[in-house]
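What follows is one structure encoded as C-alpha cells, with my remarks underneath.
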Amino acid sequence: MSNGNNVRNATMADVARLAQVSVPTVSRVLSGAARVRPDKQARVEAAIQRLGFRPSAAARALASGRSEVIAVITGSTSNYGYAEAIRGVEEAARADGYTVIITVVESFDDDVVSAAVENVLNQSIAGVVVLKFDRAGVAALRHLPSDLPLVALSGVRDTGVPQAVIDETRGAEELTEYLLSLGHETVHHVRVPPSRREDGRTTGWKRALRKAGAPIPLPLDATWEPRSGRVVGRDLARNPDVTAVFCGNDEIAMGVIKGITDQGLAVPKDISVVGFDDHPLAELWTPALTTVRQDFADLGRRGFGLLKPILDKQAASQFSSVHPEMIIRSSAAVRTDSQRRKSTEGSGDASGAMSA
C-alpha cells in the first residue's frame, strides 16, 4: 500500500495486510486484551505508524468488544429545544470519549418509525437517547428493544424508561398563575403539537385556571411554524374577551404577537402574551417576551449522565428533573378596564386576509 494513502481511508484490514497478520491480530494489538507475539506486535505498530491509522468507532468496537457510539433519535434537528438538547448530549458524550450519530424520525407513521429504528439498530451502538418531545419520539421509544441501554428526554415523566425531564407542567402552571395575578380573568392557550393527547404545558395551564376557579377556554392549535402563530394571533385579536395568551413556545408567541399587531392592537396594552423556552431571541423581541427558561443543553447533558452508568453496568438513577425558571419581561402587563374592548372583527378584515 502506498505511503500516500489518505489517513481516513486506512482500515484495520490495510494494517493487517501491511503487517502480514490477521485482522483479529490487529484487533488484539489495539485492545491490549490478549498477548501478541512481540514480532507481530512490532509489525502491527509499524504499519499503524506508516499508514497514520486512527481507529474509527467501529474499529474500536471490534477491537474492544465495546461500542463507543451513542445514537440520538429525534423528530427534528432544527427546532430550538431539539437542537440544544442534541448539543448537550453530544458535548457530554464527546467529553467521555463517545461519538454521537443522529437519526431523524420524520413522522409517527409506523412504517417510517420502524425504518428509522432499524437504521439505528443496524449500527454498532452502545446506547440510545430519544428526544420524546413529539409523537415521533414517543413512537420511536415504543419500537426500541427493552434490553437496549436507553434514556428519554422530555417535559413529562413516564414510567418504564430512565428519563431526564424539565418539569414543564409546573413551569406552565406558574406562568398562568402569574398572568392571573395581573388581573386577567382567564388565560387563552395556543399549544404546539403535543406528543400525546395533552402535554405538560397544557396540563399546567389547565391546573392553574382550575385552582383559581377561572374559565378554561378551548386551547388553540399551532404548528411548529411561527407563521401559524400569526394566523392564530389575528383570530385572538378579533375576540373581545381575550386579554392574556399563553403560547406553547416562544417562536409561536412571536407569531401570535405579529398577528395581534396586524389587527391594530398592541402587546401588552391590549393583550398580554407569554411564551415558553426562553429562545435566544425572546429578550430581543418587541416587546421582550415573558417566558419560562428551559435549559435544553443541560437536559441533554443530564440525559447522557443517566445513560453513562448503564453503559458501564453500574447502579444507575432512573430519573433526573429540573424546575424551569420563569423570566418576567415586558410582554405581559396588568389588565385594565380599557381592555374590556369592543370586537375588532369589522376593522381587521383587510389585514386578516393577508397571507401568513
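No lab work stands behind these numbers, since they all come straight from the coordinates. All of these numbers come straight from a predicted model, not from anything done at the bench. Don't worry about glycine lacking a Cβ; one is built from the backbone with ideal geometry, like all the others, and counts go over all protein chains shown.
About its Cα centre, the dipole of the chain is roughly 1120 debye, where the only charges are +1 on Lys and Arg Cβ and -1 on Asp and Glu Cβ.
From the coordinates of this entry, Cα extents along the principal axes in Å is computed, and it appears in (1) 63, 49, 36; (2) 91, 43, 36; (3) 64, 47, 40 under the label (2). From most to least packed by mean Cβ count within 10 Å, the peptides 271-279, 97-105 give 271-279, 97-105.
Between the alpha-carbon centres of region 235-280 and region 114-191 there is a gap of 25 Å.
Think of the chain as having a plus end and a minus end, set by charges on the Cβ of Lys, Arg, Asp and Glu; of T99, V192, A71, T99 sits farthest toward the positive end of this dipole. When DSSP beta bridges are restricted to pairs lying wholly in the chain, around 10% turn out antiparallel.
Using C-alpha pairs under 8 Å with a sequence gap of at least 6, the mean separation divided by the residue count of the chain gives a relative contact order of 15 percent. Does region 138-218 classify as rounded, prolate or oblate by the C-alpha gyration tensor (a ≥ b ≥ c root eigenvalues; a/c under 1.5 gives rounded; else a/b over b/c gives prolate, otherwise oblate)? Prolate is the answer for region 138-218, as a/c is 1.5 or above and a/b outweighs b/c. For K313, a cut-off of 28 angstrom between C-alpha atoms picks up these lysines, skipping any fewer than 8 places away in its own chain: K132.
Rounded to the nearest 500, the 222 nm mean residue ellipticity of the chain from helices alone is -12500 deg cm²/dmol, with -39,500 (n - 2.57) taken per DSSP H run of at least 4 residues. Of the peptides 233-240, 192-199, the order by per-residue mean of other Cβ atoms within 10 Å, starting with the highest, comes out as 233-240, 192-199.
Relative protection proxy for 298-306, 71-79, 283-291, from highest mean packing down: 298-306, 71-79, 283-291 (other beta-carbon atoms within 10 angstrom). Placing unit charges on the Cβ atoms only, positive for Lys and Arg and negative for Asp and Glu, gives region 90-135 a dipole magnitude near 180 debye about its Cα centre.
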